[in-house]
1. Report which label in [x] 15.2; [y] 16.5; [z] 19.9 holds the value of Kirkwood radius over Cα pairs in Å derived from the coordinates of this structure.
2. Which of PHE144, PHE17, PHE68 moves the most in a Gaussian network model of the chain with Cα springs under 10 Å?
Amino acid sequence: YTGCSFEGYHYGYGGVFNAVYSADDNKNALNLTLCDCSFRNNAAKYGGSIYLSGYGHNINLDARHCAFEDNAATTGGAVWAQDANIHLLDCSLIGNQYLNAEVDSPNGGALALYNCSADLDGCLIAGNSSGGEGAGIFCAIAPFKTLIMENCTVIGNVSTVDEGISLGFAKTDF
């Protein structure tokens with residue numbers, strides 16, 4: 001998708017995009033590629049704009065020059081991903097938040113990443129909020145998975161537990 005605008009979508013899993021690997025996919029990669037797209041005022045139970053679940057298989061998100069603003073979910077205000085590869089280049093994640101709902105883990109105001117490898121380069125993560133850990137990013141990393149951030153700015157994120165970034169299930173601030 002190039003040059004698209006997604007605004008006001010509401011869905012249970014991924015306000016705009018819901019990509020789940022299934023056994024019928026024959027181990028083919030699922031790829032979501034976005035360039036110069038905007039996601040605003042979308043909402044979902046998980047992943048206000050995007051929900052990805054690879055179930056241990058190859059699922060990829062490549063977003064370049066995209067804006068994720070004012071999206072909401074019970075966890076992963078903009079993006080919720082499990083068993084996925086995430087690449088964000090020059091993206092802004094601003095004003096995303098968790099919905100005030102009773103859930104076990106209201107983590108990740110902008111990004112909630114579980115067992116993912118993620119590479120963020122030149123991203124602005126600002127003004128996001130969470131009712132749990134990782135106001136900007138919550139990342140529970142399994143062995144052999146990585147979170148790489150280069151030239152990113154993480155500022156003004158607020159949660160009831162910590163600010164900025166939370167790795168694993170322990171508080172970690174940068």
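1. Only one listed value fits the structure, namely [x].
2. Looking only at PHE144, PHE17, PHE68, the biggest GNM fluctuation is shown by PHE144.
Any read-out appearing in this document is the output of simple, stated calculations on the displayed coordinates, not a laboratory observation. Model, not experiment: these values are computed from the prediction.
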